Amino acid sequence: MLGPVLETLIGGLLTGVLYSLVALGFVLIFKASGVFNFAQGAMVLFAALTLARLGETMPIVAAIALTAAVMIALAYAIERLVLRHLVNQEGMILFMATLGIAYFLDGFGQTLWGSDIYKIDLGMPRDPIFLLESVFPGGLLIDPTELIAAVVCAVLVAGLAVFFQVTRIGRALRAVADDHQAAQSVGIPLDYIWLIVWAVAGIVALVAGMMWGVKLGVQFSLGQVALKALPVLILGGLTSIPGAIVGGLIVGAGEKLAEVLLGPLLVRWFDLAGGGIENWFAYVLALLVLLVRPQGLFGEKIIERV
Amino acid sequence: MRAPGDSGVGLDAALLSVDNVSLSFGGVAALTDVSFDIRKGEVRAIIGPNGAGKTSLLNVVNGFYRPQKGRITFKGEARPRMRPYEAARSGIARTFQNVALFRGMTALDNIMAGRSLKMRRGLFWQVLRIGPALTEEVAHRRKVEDIIDFLEIAHIRRIPVGRLPYGLQKRVELGRALAMEPDLLLLDEPMAGMNLEEKEDMSRYILDVKNEFGTTIALIEHDMGVVMDLSDRVVVLDYGRKIADGTPDEVRSDQKVIDAYLGVRH
């Protein structure tokens, strides 16, 4: 019994890393501008689509570099054409703007690249790895794609942590996140910081899109992965990078374990069909967290003067 | 009248001049044809009843608002408007009516943020924290520690400012502005909500900033005693128009000012 559970747990954690990646993009932009960027999912899809189609015509490394350039250009366009004109507007207005960007990107991706299912081939090993064969009969099966994704994610997060904690840009970013006007008054150029944050979020979207694309193939339902990032964000807190990571791991592991452990119990006790737990478990978990700790596990405590 | 050895603006010359500035929000006039200047080295008070347009005027000077008409000349350079980034870069720092600090950061980090524009080393060195970037960071830290000593806030430097009492937050905010080593310091009600002792402390800091650093100061303040004590010249606004301009004594005895504050018998 322990073997399969452990295997499910590891598989869940590795999937969770991918949720974390998507959630991370949200957190970055929310921290810097207080905007809930609804377009993050669309950016993941757009990046994956661009990478897949470019990969058909050139070596994959070149395609990744070119897609990164496209995402940075996209960040520039979003800052220049949309955000710059909405400085000091209310959060809801900025949110609506990102909603518009999301649908534009969804459609524009099709216009540019077509709407079939494409695949990304990074030339990674696909044969499953078996661990600890001496302890468990048959060993623990691990998907190498997911393992590589986890490593890539860890490297990315470590890099971001250094970037935001140590550099002057990081301090500027935290300043902008706290108070736009005050940041401007000490000479921090808001548009420049936003450009950097959106570019970084674009790169994070590219990595997420790449990994999801390898796993599932690139198709328009990929944008829906972003919806899984919502419970992750509620769990981890909208403003916490470690929260996004831990939240993703909890959701990833939780939903897989629930499917495997809770499903059979529901079948036995209540004679239910028992499937689909993976689809709702994360949201129920998020609702419970909302009731107990609305700021999330790692979010800043919400203190409002009344 | 230019002081010898001064490349920019001499004593008694205007460091900043605002000419015929008008600002309105969707038809509501906030400022109408306002002109005034600030001379190098003086404390210039801006007073007026609530809603007179004092904060709007500061927001025009440091670029948050774009005036529909008029011109702003700072250090001899005329612009139809400032941008916040330009204003900061050219030497204008400010504090806010309702303290605007980076609440999640410590007092020290807040004041360090005021050094943003002074730091020049590239990203590569910053990440590694070696070589020139380290030397630079240390030099800035020293400067910031000087400011912390000056404002007597050494004991709170590691505390996130959101947890500090209001009076100390205002002091940290002043420290952040001073860290920019500004030529012109805009103070929007630096003593609002303070008790008498805190007001006296703040007045002392403002005078020290003026005398020791030679910083020019524009000050919005409601406490008339403070205004009369600190300022060299006073400009009075009412309903977005300038109604008086002169020394504290001149302004105090001006009939239009008295009317604006006390109302006119109809």
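The values are calculated or read from the model by the stated rules, or taken from the named source; none is laboratory data. Here the structure is a predicted model, which means the values were calculated and not measured. Cβ sites come from the backbone with ideal geometry, for glycine too, and all protein chains shown count toward neighbours.
Suppose the filter is within 20 Å of the chain's Cα centre (by Cα), over 22 Å from A:A226 (Cα atoms) and of a type outside the set (S, T, N, Q); does A:G170 pass it?
No; evaluated as a whole, the condition is false for this residue.
Which residue, of A:V162, A:V207, A:V176, is of a type in the set (A, V, I, L, M, F, W, C), assigned to a helix (DSSP H, G or I) and closer than 24 Å to A:L45 by Cα?
A:V207
Within the set of pairs 6 or more residues apart or between chains, which connect a residue that is closer than 22 Å to A:G217 by Cβ inside the range A:88-116 to a residue that is in a helix (DSSP H, G or I) with Cβ atoms less than 6 Å apart?
Within 6 Å, the pairs are A:A102/A:A42; A:L105/A:A42; A:L105/A:F46; A:D106/A:A42; A:G109/A:F46; A:G109/A:L49; A:W113/A:L49; A:W113/A:R53.
Residue pairs, Cβ under 8 Å, 6 or more apart or interchain, first in the range B:195-223 and farther than 15 Å from B:L178 by Cβ, second of a type in the set (S, T, N, Q). List them.
Correct list of pairs: B:I220/B:T55; B:I220/B:Q97.
Between B:E173, B:E181, which is within 17 Å of B:D149 (Cα to Cα), assigned to a loop (DSSP other than H, G, I, E, B) and within 13 Å of chain A (Cβ to nearest Cβ)?
After ruling out the rest, the residue left standing is B:E181.
Yes or no: the range A:199-211 includes at least one residue that is away from every other protein chain (no Cβ under 14 Å), over 22 Å from A:T98 (Cβ atoms), among the aliphatic types (A, V, I, L, M) and surrounded by fewer than 15 Cβ atoms within 10 Å (Cβ to Cβ).
No, there is no match, as no residue in the range A:199-211 is away from every other protein chain (no Cβ under 14 Å), over 22 Å from A:T98 (Cβ atoms), among the aliphatic types (A, V, I, L, M) and surrounded by fewer than 15 Cβ atoms within 10 Å (Cβ to Cβ).
Can you give me the number of residues within the range B:100-114 that are within 9 Å of chain A (Cβ to nearest Cβ) and more than 23 Å from B:L16 (Cα to Cα)?
Residues that pass the stated criteria total 10.
Tell me yes or no: at least one residue of the range A:79-100 is loosely packed, with under 12 Cβ neighbours inside 10 Å, at pLDDT 90 or above and out of contact with any Pro (no Cβ under 6 Å at 6 or more places or on another chain).
yes
Here are some conditions: (1) at pLDDT below 90; (2) surrounded by fewer than 17 Cβ atoms within 10 Å (Cβ to Cβ). A:V22 meets all but one. Which one does it not meet?
(2)
Quick one: in the range B:110-128, of everything that is of a type in the set (K, R) and surrounded by 12 or more Cβ atoms within 10 Å (Cβ to Cβ), which residue is modelled with the highest pLDDT?
Filtering first and then ranking leaves B:R115.
Whether any residue in the range B:79-88 is hydroxyl-bearing (S, T, Y) and modelled with pLDDT under 90 is what I want to check.
yes
B:P160 is checked against (1) at pLDDT 85 or above; (2) within 14 Å of chain A (Cβ to nearest Cβ); (3) under 20 Å from the mean Cα position of the chain (by Cα) and fails just one. What number does that condition carry?
(3)
Taking into account only those residues within the range B:40-73 that are under 14 Å from the mean Cα position of the chain (by Cα) and of a type in the set (K, R), which is farthest from the other protein chains (Cβ to nearest Cβ)?
Here the residue is B:K40.
Filter the range B:226-253 down to residues that are touching a helix residue (DSSP H, G or I) at 6+ places or on another chain (Cβ under 9 Å) and farther than 13 Å from B:P190 by Cβ, then give me how many there are.
Residues in the range B:226-253 being touching a helix residue (DSSP H, G or I) at 6+ places or on another chain (Cβ under 9 Å) and farther than 13 Å from B:P190 by Cβ: 18 in total.
Taking B:G91 and the conditions (1) at pLDDT 90 or above; (2) within 20 Å of the chain's Cα centre (by Cα); (3) under 21 Å from A:D178 (Cβ atoms), which numbered condition does it fall short on, given that it satisfies the others?
Every condition holds for B:G91 apart from (3).
Would you check if there is a residue in the range A:141-149 being within 14 Å of chain B (Cβ to nearest Cβ) and acidic (D, E)?
no
Filter the range B:225-242 down to residues that are without any contact (Cβ under 8 Å) to a residue 40 or more places away in the chain and of a type in the set (A, V, I, L, M, F, W, C) and give me whichever is surrounded by the fewest Cβ atoms within 10 Å (Cβ to Cβ).
Among them, the one singled out is B:M228.
Among what's in the range A:173-191 and is under 25 Å from the mean Cα position of the chain (by Cα) and of a type in the set (D, E), pick the residue that is farthest from the other protein chains (Cβ to nearest Cβ).
The extreme case among them is A:D191.
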